[in-house]
Structure formats: structure tokens, C-alpha cells
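> Sharing a structure here in C-alpha cells format.
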Amino acid sequence: MLDIKKGQYSTEYVIIIGIGVGIIASFLVYVTFFYGSFASSSSASQITTVVNNLAKEVNYVASQGPGSMQTFPITIPLLQSQYSFFCGNLIKLQTTTELGVSKPAQNVSGMLPLSGGTFDAFARNENGSVLIGLDFSVALIKQSYSISSSTLFYILSFYNSSNYLTGTAFNISIFSTGGVYLTSVTGSTGSGQVSGSLPFSFNPAKEYVVEVYPSGAGDYSSTCITG
């Protein structure tokens with residue numbers, strides 16, 4: 001009889017422990033799902049706020065006419081540079097989990113950071129488009145591109161935050177708007193201005209993203225070209 005009772009106690013003990021473990025596991029799953037969803041929502045809200053704020057600044061300087069400029073602080077999460085760019089009047093920023101898209105009233109190009117953080121930025125209206133700059137060693141890159149005979153021809157001017165030309169090494173990469181890498185070239189300039197060419201296979205009906213990475217600057221420039 002004593003052995004039977006011991007067996008019953010053991011069985012009941014196992015059942016109680018099993019129920020307890022089940023309750024704890026369910027609670028952990030709930031907490032993980034809840035806070036995971038909250039973190040995702042927060043990230044989505046942050047990236048949407050960033051693109052909307054950039055669009056607001058672009059629209060403001062566009063409404064003020066050529067030569068107008070506005071400075072502003074902006075907090076940007078760590079971006080996937082291959083998928084984050086300015087393209088015509090499209091601003092597209094992407095993290096590892098979230099995407100933010102906005103379309104200001106004016107074409108925009110300029111600088112985006114390679115790391116997350118809060119940055120001093122400016123938007124400047126020049127020649128019918130708005131340039132975005134950041135307070136890095138290379139704050140702004142003015143660009144001119146043309147395509148002929150399957151070759152991209154470029155003219156680049158690198159400026160610091162005081163609007164003076166600055167020399168640097170750099171890399172130019174071409175991507176599809178879907179983020180597919182196509183080709184790249186490296187170069188350097190001591191004067192802050194440089195021209196060159198980059199052969200690549202292109203489709204005249206498509207847009208391509210050109211990204212310029214100044215060596216060690218902490219940011220990169222992006223814009224769109226049409227084949």
C-alpha cells in the first residue's frame with residue numbers, strides 16, 4: 001500500500017511539474033511575441049518618421065526657391081546601404097527588418113550615414129533639385145553623370161562641412177533599384193574634383209542607383225540615373 005501511494009505521489013508530482021513548465025513556456029512565448037512585435041512596430045515607426053522628416057525638409061527648401069537651405073538634426077537607424085538611397089523624388093531607407101518610403105515634391109540626392117545615430121544635416125535647393133548633406137569629413141558630393149556606349153561618365157566634387165573642396169579616395173558602385181550589385185570602381189582626388197568613366201551593361205528603359213563612398217568619411221552619396 002505504501003509503495004502504491006508513493007507511485008501516486010510521484011505521478012502527481014510529475015503532472016504538476018509538467019503543468020508548471022507548460023505555463024512558464026506559454027508565458028515566455030507570449031512575452032517574446034509581445035515585445036518582438038513592439039520592437040518591430042517601434043522600428044517601423046522610426047524609419048517612417050525618418051523618411052517623412054527628410055521629405056518635409058526637402059519640400060520646405062523646394063518651396064523657398066533656388067539657393068535656399070535648411071539645417072536640422074536627424075536620427076537615423078543603421079541602414080542597409082545597398083537598399084537605402086535617394087532616387088529622383090523617392091526616398092527609400094531600409095534596415096535589416098523595416099522599410100520606409102517617402103516621395104517629396106522635388107527630386108533629391110545626397111548623403112546617408114553608414115552607421116546609426118543622430119546627425120547634423122542640411123537640405124539645399126540647387127538647380128531644381130534638393131541636395132542632402134551630413135556633418136562628416138565629406139559633407140556633400142556634387143555629381144554629374146551621363147551614359148554612352150555602355151559606359152557611365154562621371155564628374156564628382158567632394159565638399160566638407162564648410163563647403164570647401166576636399167581630396168579623398170572613393171568607391172563608386174552601381175546597383176539596380178532592387179539592390180542588385182552591378183559593378184564598381186575606385187579612384188582618388190587630391191583637389192576635391194575628379195572625372196572618370198565606368199563601363200557597365202545597362203538597359204536604357206531602367207533606372208540605376210549610383211552610390212559614392214568617400215574613404216573613411218562615415219557616409220555615402222546616392223542618386224539615380226536613367227540608362
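> Can you sort Ile76, Ile174 by how many other beta carbons sit within 10 Å, fewest first?
So the ranking, lowest neighbour count to highest, is Ile174, Ile76.
> Find the relative contact order for the stretch 138-227 and round it to a whole percent, using C-alpha pairs within less than 8 Å whose residues are 6+ positions apart.
Relative contact order comes out at 29 percent.
> OK, next. Give me the distance in nm between label points sitting 7 Å out from Cα along the Cα-to-Cβ direction at Thr96 and Phe153, one decimal.
Calculated label separation equals 4.3 nm.
> Multiply the residue gap between Gln70 and Thr118 by 0.36 nm, knock off their C-alpha separation, and tell me the result in nm, one decimal place.
On the way: separation 48, 0.36 × 48 = 17.28 nm, distance 1.66 nm.
Full extension of this stretch gives 15.6 nm more.
> Arrange the peptides 192-202, 46-56 so that the one whose residues have, on average, the most other Cβ atoms within 10 Å appears first.
46-56, 192-202
> Using the beta-carbon distance between Asn52 and Asn127 and R0 = 22 Å, what value does 1/(1 + (r/R0)^6) give for FRET efficiency, to the nearest 0.05?
My answer for the efficiency is 0.30.
Here, each number is a calculation from the coordinates, and none is a lab measurement. None of the values given here were measured: they were computed from a predicted structure. Neighbour counts run over all protein chains shown; Cβ positions are idealised from the backbone, glycine included.
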